[in-house]
Structures are given as C-alpha cells and as structure tokens.
Amino acid sequence: DTENGEQLYECPMCSLTCTNIQILEEHVDLHLEEHNFSEGTDLELAQQLQTEEHERQRSEEEKREREEFRKLQRQYGLDNSGGFKQQFLKNMEREVDRGRMQPFEYHKRKADMMESLACGIDDGKTKTSGVIEALCKYYQNENKDVRRVWLSAGVDHFHSSFGDRGWGCGYRNFQMLLSSLLQNSFYNDCLRDTTLIPSIPKIQSMIEDAWREGFDPHGASHFNNRLHDSKAWIGACEIYSLLTSLRIKCRIIDFHKPTGPMGTHPRLFEWILQYYSTDSEGGAKVMCTSKPPIYLQHQGHSRTVVGIEEKKNKSLCLLLFDPGCSSQEMQKLLKQNSDGTAVKLLRKFVGGLKEKQYQIVAVDGVLSLEEKAARCRASQVLTSEKIP
C-alpha cells in the first residue's frame, strides 16, 4: 500500500508496480505472449539446426562410402582402369621418364609383351627354374636340425612383373602350380590343351570360360563375370573353378580360425604334413614326392607351398614360393651355401603365419567328365570345407 492508502500490484516477472489489477494482468499477459513467442522461435531454430546437422552428417557419410567403394574397386582391380597390358606400358614409360630404362629397351620389351599376349603364353621373364632340385641337394647335405623334409616335384617360381605388380599374386601362384602339373604325366590328359604356361590375361580368360560352364556363379557375379582387361584380384575359389574346369581334382580347405596360442594355425601345418607324407614310403630324410604344390591364400596375398620340414625337435616349417620375391633373390637358392642362408627366404614356422584365416587349394588327382559336372553343380552352393 502507498502512504495515501492506494493498493499497489507488483509484476512477478519484472517487479513493475501497478495501481490497477487489470493493467497488471494485461502487462503479465504481454510477458507470457513474448515468452511463448521466444520459446517457439528457439524451438524452430533448434529443429532447423538439427535437420541441417543430420543432412551434413548424411552427406559426409555418403561421400565417405563412395570414397571407400572407389578405394575397394581400385584395391581389387575393379575400377575399369585397365589390366595387365595397360599397367605394363604405364610402368615402363615411368621407368623411361626416370632414366632407369633406355627407349630401345622399352620398345623391345613392349614388342615381347605384345607377342606374349597375342599367343597367350607367358614370356618366362619372371621364371626361375631348378630351385626344387637345388633344395634336394641342400637337404641331403644338411645335418643340423632337419629330421625329414618333403618337397613337391618340379615347381618353377614366377614373380610379379611390370604388368601385374600389386595384384597378380593369385595368377602367379597358379602358374607355379601349373608348372608342376605339366611335368607330371598323370595330368597329361587334362592339360593336353595347356602345354605351356599361359600369360595372366590368358588365365583371366580361362577363369571366365569356367564361369561360363557354370562354375561358382556367386563368385563370378562379384566380378561382373569379367576379369579380362582388369586388375582384379583372384583367390582360392577362382583357382578351384579353373582347375576343376580342366578336370583336375582339387578341394578348398578353410582354416577359418586360429587353432593354437597367439593366433597361430598348427592345424594348417599338420594338414600339410599329412598331405605330403601320405603315400611316402621308406624313411629317407629327403622325400622328393610327386605331390603338386599347394595354393595358400589369406587376406590380401597368396603364396605356394612347395614343401615342409620336420625338425629334430618335431616342430614343422613350411617352404613357400612367394610371387613377391624377385628372380634375383630366387637365384641365390640355386647357388646354395652349406649354411642354408638362402633357404631362410622360403621358411615359415608356425609363429610366422598369424592371419585370422587361411584357405588352401590342394590338387588330388583327375576327374571324369561325370565328376566334373557334379562338382560344377556343387560349386553353385558350396566349394570349401572348414577345419574345426
């Protein structure tokens, strides 16, 4: 109340005093309207900002997915950037630009490459022969820690060239496997049309032929039924399809998880030992078997198993041909010193193979036409067996 007894009314929101209750109510209503408007504006702004943020995140995610997809396409050779021939020429041109190759050598190698592609036969420039024979001699004289060793017969080593560097390991391993099969008369009938080692583009065409026969339609669709003129990586399923289409009996074994401590795969080593030692007679230290080499695949790379050592302490060691190893390195094995330094290049102990998963393709005979047809039908469902 005022001194003269007049009633005063105070606004609860801003402390303004009024002498009339109606005026105060109108004043408070204005406060409330202003507050409600402000709240509505803030809500709309918040919703707008949230929508814009969601749009931005979605746009970034789509961009990231596109980049990842393009990266995978490039990584696995499915980006339509050309194949063996294009990469071969591009890499040689780069060598000339850097002064590491003379123009006359460029033209000579280009002519050789074009001739190789025209006839579908590998030019042999990355091949090293005689390593298995050199290993036989080495192990006969080795007397330190190897109790027994089993070796595949007559395997030539092939390494990557200007045309397939970075993606050709699967094809090079097939060439290694085929080099052994061609020297084994047991497979003559299957390989009567393949008497020489095919070039990588020819192998791509052979796999496409296997797909057209009906092998592995799921795998074929992954490559859009096309390998030729691409840098597409191939794996165990493509090797299986190609071999089976040639009536070569083989199987895929999937070591889908580690079976030992520290992520190791002792079961893989034991399987390979059994593969080589089956049918081996006698107790000779060096067993030069008739067994074909084994195709060994893991994520991102593949190699060829050409033998296995059993040490005096019972531990096992695989002998691997790696397509990433150059001819210069492989040549050292032909001049093997008694200390076995060069053989270290091939050795892989259990602790040296720690990928999450391995697959192998093992050859085991010849198929009849009926068996081939049955395997073609089976490949449309499942081609691998898992080791528990």
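Tabulated values for the structure
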| read-out | value |
| --- | --- |
| Residue in segment 120-129 that is at pLDDT 95 or above, in a helix (DSSP H, G or I) and under 22 Å from V305 (Cα atoms) present | no |
| Near pairs, Cβ below 9 angstrom, 6+ apart or cross-chain, from segment 250-262 (of a type in the set (K, R)) to any residue that is part of a loop (DSSP other than H, G, I, E, B) and open to solvent by less than 10 Å² (accessible area, probe 1.4 Å) | K257/H265 |
| Per-region count, segment 321-361, residues more than 25 Å from W271 (Cα to Cα) and among the charged types (D, E, K, R) | 4 |
| Selection count, segment 97-125, where residues are within 29 Å of the chain's Cα centre (by Cα) and open to solvent by 100 Å² or more (accessible area, probe 1.4 Å) | 1 |
| Number of positions in segment 326-362 that are within 16 Å of D156 (Cβ to Cβ) and buried (at least 19 other Cβ atoms within 10 Å of the Cβ) | 3 |
| Subset of segment 272-303 (residues that are touching a helix residue (DSSP H, G or I) at 6+ places or on another chain (Cβ under 8 Å), under 21 Å from V146 (Cα atoms) and open to solvent by less than 40 Å² (accessible area, probe 1.4 Å)) | V286, M287, T289, K291, P293 |
| Filtered residue count, segment 265-302, keeping only those that are among the polar types (S, T, N, Q), part of a loop (DSSP other than H, G, I, E, B) and either under 23 Å from I248 (Cβ atoms) or over 19 Å from the mean Cα position of the chain (by Cα) (or both) | 4 |
| Top-ranked residue in segment 195-213 [being in a loop (DSSP other than H, G, I, E, B) and of a type outside the set (V, I, T); ranked as most open to solvent (accessible area, probe 1.4 Å)] | L196 |
| Any hit, segment 132-150, residues being under 29 Å from the mean Cα position of the chain (by Cα) and assigned to a loop (DSSP other than H, G, I, E, B) | no |
| Complete set of residues in segment 215-243 that are open to solvent by 20 Å² or more (accessible area, probe 1.4 Å) and not in a helix (DSSP H, G or I) | N224, N225, R226, H228, D229, K231, W233 |
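The values are calculated or read from the model by the stated rules, or taken from the named source; none is laboratory data. Keep in mind that this is a model prediction, so the values were computed, not measured. Heads up, the Cβs are rebuilt from the backbone with ideal geometry, glycines too, and the neighbour counts pull from every protein chain shown. Side chains are part of the model used for accessible areas, which takes the heavy atoms of the whole protein and leaves out ligands, DNA and RNA. Shrake-Rupley method; radii C 1.70, N 1.55, O 1.52, S 1.80 Å.
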